[in-house]
Amino acid sequence: MIKFVVPIVIIFLTVILYGSFLDITPVHFNQDELGFSLNAYSIAKTGYDENGRFLPLYFWHLGVMWSTPIIVYLTSFVLKLFPLTEATVRFASVFIGIMDVVLIFYLAKKLFKKQLYGIIAAALLALTPVHFIHSRLLLDNLYPVPFVLAWLLFLFIFLEQKKLWSLLLSSFFLGLGVHSYHAAKVLMPIYLTMTFLFLIPEIKKKKIIAPLILLAFILPILPLIPWLSQYPDTLTDQVRYTGLYNTNLSPIAGILSLITLENLLQKLGIYVSYFNLSFLFSTSDISLIHSTRTVGVFLLSLLILLPLGMVKIIKELGRRAGLLIITGFFVAPMAPSLVGNQFRVSKELVILPFAILLAVSGIRFLLNFRNKVGKVLAIILLAIIPLQFGLFISTYYGDYRNQSYTWFNYDIPGGLETVIGQSQQKPTDSIYLDNKVHFIDRYWKFYIIKNHSEDLISKTNYFDSQYLDLKSLPTNSLLLYRFDSINSQQSRINLTEKIREPDGFTSFYIYRN
């Protein structure tokens with residue numbers, strides 16, 4: 001039992017850190033969180049997605065694209081246990097974040113041969129701002145990370161124990177990870193190639209290993225064959241969504257357009273920008289959904305620990321293991337660079353396991369330094385991490401709410417739940433919702449389910465404020481206007497509520513006729 005004490009403590013602390021105040025920050029409910037939630041709710045209740053497909057491999061998301069399945073099925077499992085709310089659906093991502101922290105603990109413990117380094121790795125990952133942020137959003141950006149960690153863990157178990165089952169599991173998790181995120185379709189085959197290169201000595205001795213690795217990788221991808229025969233636009237839709245190439249071109253012409261000299265130089269420039277020091281240690285992602293913009297991808301201590309780890313990891317872990325981890329670190333930005341996304345760490349979160357292992361290597365070198373200077377520096381660098389994370393947290397629960405509400409589509413939840421509340425307080429014959437609110441019908445569906453108010457569906461109408469004739473409205477009508485739809489007409493009806501953002505800005509107005 002003693003050997004389980006540390007991981008149990010790690011899980012408990014991570015649950016508290018990642019799972020608290022999910023209804024406060026993020027400030028509102030992102031439309032992609034909404035889309036994943038509604039499909040997950042439908043699967044949990046009926047086994048069918050919103051479009052009537054039974055246990056589909058991929059999900060038609062918000063009526064605009066095919067989305068990956070793992071996030072939906074994990075969320076549906078959560079909704080088997082808990083009611084539909086913003087906080088409960090986000091707990092699916094909290095679970096992914098916890099899995100990452102536990103897996104990095106076991107991986108670092110195995111690689112560096114001491115439980116202390118597993119604990120340090122777990123703490124470093126748990127206190128990495130981008131990992132914390134994405135573990136609290138129902139978005140699939142983080143979902144490839146546990147598959148990458150499982151790949152590494154079982155690969156190194158195989159290297160140590162020579163048990164074939166662990167190697168097959170390692171490759172299987174890579175294949176399964178293909179379904180975790182769009183970028184994984186690029187990255188997982190690269191990791192598979194890295195696996196083959198890593199295992200050249202073993203493959204030379206036992207040639208059957210190579211086809212078995214490939215088979216284990218392909219196995220979880222096989223369901224794509226019948227799926228694509230029925231829905232051939234699944235992959236082309238993802239190409240269109242990511243902007244990889246112009247989908248009006250044939251696949252061959254599209255691929256050829258990627259390898260022109262001009263395009264390659266442009267992608268190379270984007271790739272190099274992912275190692276910009278300001279991006280890595282000061283500002284992070286350009287989107288306020290994925291970053292507070294007050295702290296980098298990594299905390300400042302890693303500015304020293306990362307390069308130190310790169311220099312020392314080959315000596316500490318051996319040439320093969322060291323090169324695998326260094327290569328993994330530099331491979332991570334390839335997918336976002338390929339589609340022209342600059343400064344989007346949200347699309348390269350697979351960099352985190354490799355970065356943390358490199359940082360632990362740097363810490364290990366300092367702690368084992370022959371004089372006290374190294375130990376003192378290691379202690380100082382480790383002490384800075386929770387201090388800087390504390391500053392980040394104060395911003396995350398404070399000013400970040402003021403800065404990010406526009407990125408989260410304003411307080412649609414507050415507006416709709418106020419409409420529901422007012423409809424229950426007074427007789428209401430009709431409800432009119434401003435169709436300038438993006439995905440208003442999907443948001444409305446979520447909040448009437450959450451508030452057990454399905455009877456309001458038959459009373460609901462959607463309007464364009466330019467063409468709505470207020471004189472013709474039935475009595476006892478409630479109207480929700482977005483702030484930029486307000487005009488002189490509203491003086492004819494009664495204002496009942498203003499929905500204010502954290503900084504006091506009024507984003508929605510509710511009227512009663």
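Rule-based calculations on the coordinates, nothing more; no lab input. Predicted, not measured: the structure shown is a model, and the values here were computed from it. Neighbour counts run over all protein chains shown; Cβ positions are idealised from the backbone, glycine included.
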Ordering of 77-87, 326-336 by burial proxy (mean other Cβ atoms within 10 Å per residue, highest first): 326-336, 77-87
Overall form of segment 412-512 per C-alpha gyration tensor (a/c, 1.5; a/b vs b/c): rounded
Relative contact order (percent, whole number), the chain, Cα cutoff 8 Å, 6+ residue spacing: 14 percent
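Divide by every residue of the chain the summed helix terms, -39500 (n - 2.57) for each DSSP H run of at least 4, and state the resulting mean residue ellipticity at 222 nm, rounded to the nearest 500 deg cm²/dmol.
Helices in the chain give a 222 nm mean residue ellipticity of -18000 deg cm²/dmol.
DSSP loop (so not H, G, I, E, B), at most 11 other Cβ within 10 Å: list which trypsin sites (Lys or Arg not before Pro) in segment 305-404 pass both filters.
Filter output for segment 305-404: 370.
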Size of charge dipole - the chain - debye, nearest 20, with Cβ of Lys, Arg +1 and Asp, Glu -1, no other charges: 2420 debye
Mean separation of Cα contacts under 8 Å, 6 or more apart, over the residue count of segment 412-512: relative contact order %: 33 percent
Cβ charges +1 (Lys, Arg) and -1 (Asp, Glu), total dipole of segment 313-469, debye: 1480 debye
Share of alpha-carbon pairs per 5 Å distance bin for segment 313-463, given as whole %: 2, 7, 10, 10, 10, 10, 10, 8, 8, 7, 6, 5, 4, 2, 1, 0
Share, in percent, of DSSP beta bridges within the chain that are antiparallel, nearest 5: 65 percent
Residue among 46, 166, 148 farthest towards the positive dipole end of segment 17-167, charges placed on Cβ: 166
Between segment 9-58 and segment 444-476, the alpha-carbon center distance in angstrom: 26 Å
Radius of gyration and Dmax over the Cα atoms of the chain, both given in Å: 25.1, 85
Cα-centre dipole for segment 412-512 with unit charges at Cβ (Lys and Arg positive, Asp and Glu negative), debye to 20: 140 debye
